[in-house]
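Here is the structure we will look at, set down as structure tokens.
The values are calculated or read from the model by the stated rules, or taken from the named source; none is laboratory data. Please read these numbers as outputs of a predicted model, since none were measured by experiment. Glycine gets a Cβ as well: all are built from the backbone with ideal geometry, and neighbour counts include every protein chain shown.
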Amino acid sequence: MIGYQLYSSRRWPLEDTLAMLRGHGFSWVEGWADLYRTPADARRLSRALEGAGLRMRTAHLPLDLVEGDPPAALDIVRALRLEAAFVPFVAERPADAEGWRALAARVARAGGALDGAGVPYGWHNHDFEFAILPDGTRPIDHIVAAGVPLELDIAWIARAGADPLEAIARHGHAVRAVHFKDLARVGGGEGEGGWADPGAGTLDWPAIAAALAPHAPASWIAEHDDPSDHDRFAGAAFKAARRIEGIPG
């Protein structure tokens with residue numbers, strides 16, 4: 001069954017969000033870092049999720065936390081009973097292939113901190129991983145080459161001007177999770193950052209799901225970076241996942 005990235009509902013009270021998601025039929029969520037800055041935060045969140053009839057299977061964990069305080073990162077992972085965690089974003093980014101190789105190696109090493117919980121530590125992409133570097137490679141090439149699993153955000157790939165199907169053909173073997181997110185059609189998405197409810201935008205989700213099928217991603221997660229109405233978005237995403245063949249609705 002598809003999950004829900006709680007970042008999509010960051011502007012609404014968490015308690016209301018969890019009840020809303022359960023009402024739409026969701027059974028699990030993905031976390032974002034502001035919800036669990038400490039292990040104590042993670043334990044409180046875990047209790048709130050349990051009370052709402054939900055669980056957290058995947059989460060975004062900042063690289064500086066996993067590198068800087070491995071015991072705390074491991075405690076958070078265990079408190080939330082995660083199956084996978086992902087680097088959500090890095091503000092300071094390399095400008096060349098050598099720098100990206102070094103960063104990818106850091107992520108791979110940092111992931112060792114979570115080995116005790118049996119949880120893979122991967123990378124969630126935005127658009128910049130698909131920019132062409134001076135040597136003709138892309139940052140995503142070096143991330144995958146380092147053995148780092150991917151949480152593939154399809155809409156960010158398209159927003160970068162890259163082809164999602166080409167990205168899947170090249171790196172599908174590394175995909176652990178997928179963000180079910182969409183881009184608004186021309187003239188749409190006003191006030192929502194140019195994003196759209198999944199299945200209502202420009203992306204060819206039947207083709208994308210078919211391309212991903214041989215790689216059997218462990219998790220699919222609905223996300224919208226800037227919904228004006230998270231209740232509308234959640235309901236639309238859940239229904240779209242059930243409608244599109246190949247997406248675990």
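Of 22, 47, 101, which residue is assigned to a helix (DSSP H, G or I) and closer than 25 Å to residue 228 by Cβ?
Within the list 22, 47, 101, the selection yields 22.
Of all residues in segment 1-19, none satisfies the criterion of being of a type in the set (A, V, I, L, M, F, W, C), touching a residue at least 40 places away in the same chain (Cβ under 8 Å) and part of a helix (DSSP H, G or I).
Out of 79, 73, 113, 84, report the one residue that is crowded, with 20+ Cβ neighbours inside 10 Å, modelled with pLDDT under 95 and either out of contact with any Leu (no Cβ under 8 Å at 6 or more places or on another chain) or more than 18 Å from residue 150 (Cβ to Cβ) (or both). Quick ask: steps written out before the conclusion?
Numbers: 79 fails: modelled with pLDDT under 95; 73 fails: modelled with pLDDT under 95; 84 fails: modelled with pLDDT under 95.
Matching residue, one of 79, 73, 113, 84: 113.
Of all residues in segment 101-117 being among the small types (Gly, Ala, Ser) and more than 19 Å from the chain's Cα centre (by Cα), which is farthest from residue 65 (Cα to Cα)? My answer is 102. Using the structure shown, decide if residue 42 is small (Gly, Ala, Ser), under 19 Å from the mean Cα position of the chain (by Cα) and not in a helix (DSSP H, G or I). Spelling it out, it is not the case that residue 42 is small (Gly, Ala, Ser), under 19 Å from the mean Cα position of the chain (by Cα) and not in a helix (DSSP H, G or I). Residue count for segment 187-234, restricted to those that are within 16 Å of the chain's Cα centre (by Cα) and polar (S, T, N, Q): 1.
Okay, residues lined up against (1) crowded, with 21+ Cβ neighbours inside 10 Å; (2) among the β-branched types (Val, Ile, Thr); (3) farther than 21 Å from residue 104 by Cβ:
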position	(1), (2), (3)
145	no, no, no
172	no, no, no
177	yes, no, no
180	yes, no, yes
183	no, no, yes
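For residue 122, are the conditions met, namely being exposed (fewer than 14 other Cβ atoms within 10 Å of the Cβ), under 24 Å from residue 75 (Cα atoms) and either modelled with pLDDT under 95 or under 17 Å from the mean Cα position of the chain (by Cα) (or both)?
Judged against the criteria, residue 122 is not a match.
Any chance you could count how many residues in segment 25-35 are in a helix (DSSP H, G or I) and at positive phi? Within segment 25-35, residues that are in a helix (DSSP H, G or I) and at positive phi number 0. For segment 91-110, the tally of residues that are over 29 Å from residue 50 (Cβ atoms), modelled with pLDDT of 95 or more and either among the aliphatic types (A, V, I, L, M) or buried (at least 22 other Cβ atoms within 10 Å of the Cβ) (or both) stands at 9.
In segment 226-249, what residues are in contact (Cβ under 8 Å) with a residue 60 or more places away in the chain and either polar (S, T, N, Q) or over 9 Å from residue 198 (Cβ atoms) (or both)? Don't jump to the end; show me each part of the working.
First, the residues of segment 226-249 that are in contact (Cβ under 8 Å) with a residue 60 or more places away in the chain: 227, 230-231, 233-235, 237-238, 240-241, 247-249.
Within segment 226-249, 227, 230, 231, 234, 235, 238, 248, 249 qualify.
The set of residues from segment 21-48 being farther than 20 Å from residue 179 by Cα and either touching a Phe, Trp or Tyr at 6+ places or on another chain (Cβ under 7 Å) or of a type outside the set (S, T, N, Q) (or both) comprises 23, 36, 37, 39, 40, 41, 42, 43, 44, 45, 47, 48.
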